[in-house]
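Structure first, then comments.
The values are calculated or read from the model by the stated rules, or taken from the named source; none is laboratory data. Source: prediction; values computed, not measured. Note that we place each Cβ from the backbone using ideal geometry, even for glycine, and neighbour counts take in every protein chain shown.
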Amino acid sequence: MSSDTAANETSVSTHILDTSVGRPAEGVALTLSVRSGSDGSWTAHGASKTDADGRCKDLPALPAGTTHVRLDFETEAYFTTKQAEEQQDAPALRDSGAFFPEVAITFAVKPGEHYHVPLLLNPFGYSVYRGS
């Protein structure tokens, strides 16, 4: 791949921190979907799982013409696994199970830029921002 091609690529990365314990959230599945235009149809474009550091480093570059991206995080499985329960400060038996069984983040993109979108997650809330 030439440096000119790489310079024009639009890319996305993400990571998840479990703020209830101050550690990465490992093993969270996610899907990356794309569309062109605000009234376009969503198309699945990639999928991954967070690694031991809570990061997804293997998401594909976005196709030309992409204007919007959606990251769908499958958070319910994370909060209902034994590993997650052992990490949580919350009681093992919650009245609501996974309060947010999924988190969908939608954002606009421009050609040639990189977008890092961290998810700060806990059993009863989340926050996102554009990182670097």
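For Ala61, the conditions (1) surrounded by fewer than 14 Cβ atoms within 10 Å (Cβ to Cβ); (2) at pLDDT 95 or above; (3) in a loop (DSSP other than H, G, I, E, B); (4) not β-branched (Val, Ile, Thr) are fulfilled apart from (1). Any residue at all in segment 14-26 that's surrounded by 16 or more Cβ atoms within 10 Å (Cβ to Cβ), at pLDDT 95 or above and among the small types (Gly, Ala, Ser)? Within segment 14-26, not a single residue is surrounded by 16 or more Cβ atoms within 10 Å (Cβ to Cβ), at pLDDT 95 or above and among the small types (Gly, Ala, Ser). Within segment 18-35, none of the residues are within 22 Å of Gly112 (Cα to Cα), over 10 Å from the mean Cα position of the chain (by Cα) and part of a loop (DSSP other than H, G, I, E, B). None of Thr50, Thr67, Thr80 is at pLDDT 95 or above, closer than 24 Å to Thr19 by Cβ, of a type in the set (Ser, Thr, Tyr) and surrounded by 12 or more Cβ atoms within 10 Å (Cβ to Cβ) except Thr50.
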